[in-house]
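Asks: Input: one structure, supplied below.
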Amino acid sequence: MYRIGQLAKLTGVTSDTLRYYEKHQLMTPARRSESGYRLYTDAAVQQIQFIQRAKRVGFTLKGISELLSLKVEKGSHSCEQVKTLTENKLHDVERKLEELQNIKQALLRLNAACCGGAESAEHCSILNTLETGKDMEVI
């Protein structure tokens, strides 16, 4: 059995993170000691590692919670359900990448339109475009 500090050290997360996971029902302590300490088993270590891996590939806590639910009740769910969660996450990432590309292009155009000189910013094309919205459709 591990106390929360030991589990945190073993898994490379903070005790606050573990409490946060508990609060959001991603994990629960096995039990409490007589003095009230949270106690965890090796299963908790595996659970934290699962959560960390899912976070690394971009799943939110809600998505991780869904994955954990599927993992806990593997026999009641299909591989298709798991794949659907992953496909949905992939589509989200693709949308975000497209949005970031649009932002990048807009910033490149704004940047290219500015002389970047040492003179006063009173006539700065970047500030003027953002203030007036003029030429924003190009951006």
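Asks: Considering the stretch 43-88 alone, what residues qualify as being loosely packed, with under 12 Cβ neighbours inside 10 Å and among the acidic types (Asp, Glu)?
Replies: Hits for the stretch 43-88 are 73, 80, 87.
Asks: Name the pairs whose Cβ atoms lie under 6 Å apart, with the first residue in the stretch 31-44 and more than 15 Å from residue 15 (Cα to Cα), the second of a type in the set (A, V, I, L, M) and in a loop (DSSP other than H, G, I, E, B), and 6 or more positions between them or separate chains?
Replies: 41/30
Asks: For the stretch 89-114, enumerate the residues that are surrounded by 11 or more Cβ atoms within 10 Å (Cβ to Cβ) and under 24 Å from residue 68 (Cα atoms).
Replies: Residues satisfying the conditions are 89, 90, 92, 93.
Asks: Continuing with the same structure: For the stretch 44-139, which fully contained helices (runs of 4 or more DSSP H) count at least 1 residues that are of a type outside the set (Gly, Ala, Ser) and touching a Cys at 6+ places or on another chain (Cβ under 8 Å)?
Replies: Hits in the stretch 44-139: 125-132.
Asks: Determine whether residue 33 is hydroxyl-bearing (Ser, Thr, Tyr), out of contact with any His (no Cβ under 6 Å at 6 or more places or on another chain) and farther than 13 Å from residue 4 by Cα.
Replies: no
Asks: Considering only the stretch 92-107, I want to know if a residue exists there that is free of Cβ contacts under 8 Å to residues at least 40 places away in the same chain and closer than 17 Å to residue 17 by Cα. Can you show your working first?
Replies: Step one: of the stretch 92-107, the residues free of Cβ contacts under 8 Å to residues at least 40 places away in the same chain are 92-107.
Among the residues that remain, those that are also closer than 17 Å to residue 17 by Cα are: none.
Among the residues of the stretch 92-107, not one is free of Cβ contacts under 8 Å to residues at least 40 places away in the same chain and closer than 17 Å to residue 17 by Cα, which makes the answer no.
Conditions tested, residue by residue: (1) closer than 24 Å to residue 69 by Cβ; (2) modelled with pLDDT of 90 or more.
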{"residue": "7", "(1), (2)": "yes, yes"}
{"residue": "12", "(1), (2)": "no, yes"}
{"residue": "15", "(1), (2)": "no, yes"}
{"residue": "29", "(1), (2)": "yes, no"}
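Asks: Still on this structure: Within the stretch 55-91, count every residue that is within 19 Å of residue 21 (Cβ to Cβ), β-branched (Val, Ile, Thr) and touching a helix residue (DSSP H, G or I) at 6+ places or on another chain (Cβ under 7 Å).
Replies: Residues flagged as within 19 Å of residue 21 (Cβ to Cβ), β-branched (Val, Ile, Thr) and touching a helix residue (DSSP H, G or I) at 6+ places or on another chain (Cβ under 7 Å) within the stretch 55-91 amount to 1.
The values are calculated or read from the model by the stated rules, or taken from the named source; none is laboratory data. The structure displayed is predicted, hence computed values, not measured ones. So basically every Cβ, Gly included, is an ideal-geometry build from the backbone, and we count neighbours across all protein chains shown.
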